[in-house]
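Report on the structure given below.
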Amino acid sequence: FGRNLVSLLETLLAYQGHLGAVGAAFLVSALLQGIGLVSLYLFSQAMDLKTPPELAHVFFAAPPTMVLNALPVPGGGLGVGEAAFDQILSLCRNAAGHPIAGGAAIFLMFRCWTILIGLVVNVRRHWQEY
């Protein structure tokens, strides 16, 4: 952890005089994270769930899930994001007061699509190199 913290601090110090670039990078990052959350919501709407989440539910449950999913846990984190999203999303209620269910399936579908898109992008990039 110490090496990662030192690396982060060195990077921040390298951009010390470039506040505009750091601000722009932060805005682009926030925009991309927002797009990711909206796509996670759209995936949930495409599924046949008994109690689908609303956009606010996804914005509540997804950020802590993404943090937990990034932690270096055994098994490469397989299943951690799905379980976390399912548990956090179940804290939300729909208009009738029922808990939101299906979070694990939603997050798994989101993960499969991001892997598939990453594969297509990487195959395309490597294909162009040859």
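The values are calculated or read from the model by the stated rules, or taken from the named source; none is laboratory data. Fair warning: this is a prediction, and the values are worked out from it, not measured in the lab. Positions of Cβ are backbone-derived with ideal geometry, glycine not excepted, and every protein chain shown enters the neighbour counts. We work out accessible area using only protein heavy atoms, side chains counted, and drop any ligands, DNA or RNA first. Shrake-Rupley method; radii C 1.70, N 1.55, O 1.52, S 1.80 Å.
Each Lys and Arg adds +1 at its Cβ and each Asp and Glu adds -1 at its Cβ; summed about the Cα centre, the chain shows a dipole of about 60 debye. Once the Cα-Cα distance is subtracted from the 0.36 nm per residue extended length, the residue 59 to residue 13 segment shows a gain of 13.4 nm. Helical runs assigned H by DSSP (4 residues or longer) give the chain a calculated mean residue ellipticity at 222 nm of -24500 deg cm²/dmol, each run adding -39500 (n - 2.57) before division by the residue total.
The gain in end-to-end length when the residue 127 to residue 4 segment is fully stretched comes to 41.0 nm, 0.36 nm per residue minus the alpha carbon separation.
Hey, of [x] 2, 12, 23, 26, 23, 12, 2, 0; [y] 2, 10, 17, 18, 14, 10, 8, 7, 8, 4, 3, 0; [z] 2, 9, 14, 17, 15, 15, 14, 8, 4, 2, 0, 0, which did the structure itself give for P(r) over Cα pairs in 5 Å bins from 0, in percent when calculated? Only one option fits the structure, namely [z]. Residue 91 to residue 114: FRET efficiency via 1/(1 + (r/R0)^6), r the Cβ-Cβ distance, R0 22 Å, to the nearest 0.05? After rounding, the FRET efficiency stands at 0.35. Shown for the chain: the carbon plus sulfur share of the solvent-accessible area, taken with all protein chains present and a 1.4 angstrom probe, equals 70%. Membrane-span-like helices in the chain (whole DSSP H runs, Cα extent of at least 20 Å along the helix axis, mean Kyte-Doolittle hydropathy of at least -0.5): 19-46, 55-70, 103-129.
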